[in-house]
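The values are calculated or read from the model by the stated rules, or taken from the named source; none is laboratory data. Because the structure is predicted, anything quoted here is derived from the model rather than measured. No Cβ is skipped: glycine too gets one built from the backbone with ideal geometry, and neighbour counts run over all protein chains shown.
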Amino acid sequence: MRGSVFKRGTTWTASIYLGRDPVTGRKRYKQYNGFRTRKLAEDGLVEQLERLRLGEYVDPGRTTFGQFVERWLTAKEPTVRATTFRSYKATLDHHVLPHIGGMRLDKVSGLDLAALYAGLLDEGYRKGRSPRGLSPASVRYAHRIIKQVFGDAVRWGPPRPEPGRRRRPAARQPEGDEHLVGGAGAAVPDRCGR
């Protein structure tokens with residue numbers, strides 16, 4: 001067994017041995033706290049050891065968002081069409097990873113995603129001389145991909161918050177509605193297909 005269970009105060013803790021650090025040579029452990037009973041801690045330990053055995057374990061404390069996306073794309077490629085995979089990869093490489101790719105996976109917050117979406121709406125499109133914003137549909141597409149990435153991170157690794165689910169991309173208000181009577185442009189939906 002590569003882990004142990006012990007009582008800490010009034011709760012139980014499961015500890016997993018992750019091997020030695022390649023740089024320092026020190027033993028590495030990951031602890032999961034807050035189990036109410038020994039049985040629940042043992043069940044949590046068995047689940048994490050199984051993930052470790054299958055290669056699905058992701059250490060959120062050391063993995064960056066970009067590193068996880070590389071693994072995610074490798075796992076996703078056989079499950080989607082080739083055109084979908086290329087679209088996922090292009091969206092992540094061009095729009096998402098330059099902004100949050102270097103952040104630790106467990107440190108990406110809803111506020112970081114809101115800033116990313118606002119930046120994409122303002123200056124996300126970089127082809128040509130002057131940068132302009134991506135369309136709201138493109139930002140929503142990037143959001144759906146990020147939501148899938150974080151959903152799989154939760155399923156493959158230890159439980160953690162899922163910022164992609166809590167934060168929605170901001171919708172840009174259409175400009176030029178001053179021609180409507182009474183200034184009610186924002187309240188009236190545009191049904192003309194513009």
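Of all the residues that make up segment 20-46, how many are loosely packed, with under 11 Cβ neighbours inside 10 Å and within 14 Å of residue 62 (Cα to Cα)? Spell out the reasoning first.
The initial filter retains those residues of segment 20-46 that are loosely packed, with under 11 Cβ neighbours inside 10 Å, namely 22-27, 36-37.
Filter once more, so that each one left must be within 14 Å of residue 62 (Cα to Cα): 22-23.
The qualifying residues number 2.
Name the one entry in 137, 153, 142, 118 that is out of contact with any helix residue (DSSP H, G or I) (no Cβ under 8 Å at 6 or more places or on another chain), at pLDDT 80 or above, within 26 Å of residue 79 (Cα to Cα) and among the hydrophobic types (A, V, I, L, M, F, W, C).
Sole residue among the options that is out of contact with any helix residue (DSSP H, G or I) (no Cβ under 8 Å at 6 or more places or on another chain), at pLDDT 80 or above, within 26 Å of residue 79 (Cα to Cα) and among the hydrophobic types (A, V, I, L, M, F, W, C): 137.
Before we move on, is residue 90 touching a residue at least 24 places away in the same chain (Cβ under 8 Å), part of a helix (DSSP H, G or I), in the same structural domain as residue 140 (by TED's automatic domain parsing) and surrounded by fewer than 17 Cβ atoms within 10 Å (Cβ to Cβ)? So that I can check it myself, show each step before the final result.
Working: touching a residue at least 24 places away in the same chain (Cβ under 8 Å): no; part of a helix (DSSP H, G or I): yes; in the same structural domain as residue 140 (by TED's automatic domain parsing): yes; surrounded by fewer than 17 Cβ atoms within 10 Å (Cβ to Cβ): yes.
The answer is no for residue 90.
Among the residues of segment 93-115, write down those that are touching a residue at least 40 places away in the same chain (Cβ under 8 Å), buried (at least 18 other Cβ atoms within 10 Å of the Cβ) and touching a helix residue (DSSP H, G or I) at 6+ places or on another chain (Cβ under 7 Å).
Matches in segment 93-115: 95, 96, 105, 108, 113.
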